[in-house]
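As structure tokens, the structure follows; a few thoughts come after it.
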Amino acid sequence: MSEYFLIARIESDYGKEGFVKITSFSDFPERFFNLQKVYVEFFDDKKEFFVEKTKKVNDFIFLKFRNFDSQKDIQSLIGKEIFVDEQSLIALPEGYFFVHDLLGSKVYRNNLEFGVLADVLTLPANDVYVIKHGSEELLVPAAFEFIEKFDPINKILVLKPGDSFYDDDED
């Protein structure tokens, strides 16, 4: 069974040739110009689609899938999510990680296990890590000022010690 990774959502049709307008969830929108196939979810099942053309107009990205040649053809795609398989993931620059690599990681602070990384919020300024600490949640900016290191193999996130954003007095 393959693992799939969410990269975009289909928002609307575009033009009369079967293009769809997408909202990218990727920090690297240029990735769409190298895609050959994607998966679109229908009723909890992923269907393979072949990307015929990609274009960018202003800040918007548009895709055309093989055998979808009109506005009528793509109506069933609007609102659907677009996924890629592991072979189609892009290589990230050093210091960048996929959300799926981060989720579930043990979080350490001052050499003690502090909690678990439960979610990543995408905000305009930067991403924010949601760390479950007991029954509470701590929001930590995903920025080098707060993160000492991340080990994706062992799923361990180490926070820098002594930062002022912690609410409690534990050390």
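Name the single residue that is nearest to Val40 (Cα to Cα) among those in region 72-95 being assigned to a loop (DSSP other than H, G, I, E, B) and not small (Gly, Ala, Ser). Even if it seems obvious, please write down each step before you answer.
Applying the first criterion (assigned to a loop (DSSP other than H, G, I, E, B)) to region 72-95 yields 78-80, 89-95.
Narrowing the set further to residues that are not small (Gly, Ala, Ser) leaves 78, 80, 89-90, 92-94.
Details: Ile78: 11, Lys80: 7, Leu89: 16, Ile90: 18, Leu92: 23, Pro93: 27, Glu94: 29 Å.
Looking at the filtered set, the residue picked out is Lys80.
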Looking at the structure I just gave you, is Gly79 on the phi > 0 side of the Ramachandran plot and surrounded by 15 or more Cβ atoms within 10 Å (Cβ to Cβ)? no
Across region 96-105, what is the number of residues that are within 17 Å of Asn154 (Cβ to Cβ) and part of a loop (DSSP other than H, G, I, E, B)? 5
Quick check on region 115-126: of everything there that is over 21 Å from Phe83 (Cα atoms) and modelled with pLDDT under 90, which residue is surrounded by the fewest Cβ atoms within 10 Å (Cβ to Cβ)? Pro124
Can you name the number of the only condition in (1) assigned by TED's automatic domain parsing to the domain that holds Gly18; (2) buried (at least 17 other Cβ atoms within 10 Å of the Cβ) that Gln71 fails? (2)
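I need a count of the residues in region 98-117 that are of a type in the set (Gly, Ala, Ser) and touching a Gly at 6+ places or on another chain (Cβ under 8 Å). So that I can check it myself, show each step before the final result.
If we filter region 98-117 for residues that are of a type in the set (Gly, Ala, Ser), which is where we start, we get 104-105, 115.
Next cut, touching a Gly at 6+ places or on another chain (Cβ under 8 Å) only: 115.
Counting residues in region 98-117 that are of a type in the set (Gly, Ala, Ser) and touching a Gly at 6+ places or on another chain (Cβ under 8 Å) gives 1.
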For region 45-58, indicate whether the set of residues that are under 21 Å from Leu121 (Cβ atoms), assigned by TED's automatic domain parsing to the domain that holds Ala8, of a type outside the set (Gly, Ala, Ser) and within 20 Å of the chain's Cα centre (by Cα) is non-empty. no
If I ask for residues that are part of a strand (DSSP E or B) and among the β-branched types (Val, Ile, Thr), which ones from region 106-154 would you list? Val107, Val116, Val120, Thr122, Val128, Val130, Ile131, Val140, Ile147
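Have a look at Arg66, Arg109 and point out the one that is more than 15 Å from Ile10 (Cα to Cα) and crowded, with 17+ Cβ neighbours inside 10 Å.
Arg109
Residues are listed down the side, and each one gets a yes or a no for (1) free of Cβ contacts under 8 Å to residues at least 12 places away in the same chain; (2) in the same structural domain as Ser24 (by TED's automatic domain parsing):
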residue	(1), (2)
Lys64	no, yes
Leu77	no, yes
Glu113	yes, no
Val130	no, no
Pro141	no, no
Phe150	no, no
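The values are calculated or read from the model by the stated rules, or taken from the named source; none is laboratory data. These numbers come from a predicted model, not from an experiment. Glycine gets a Cβ as well: all are built from the backbone with ideal geometry, and neighbour counts include every protein chain shown.
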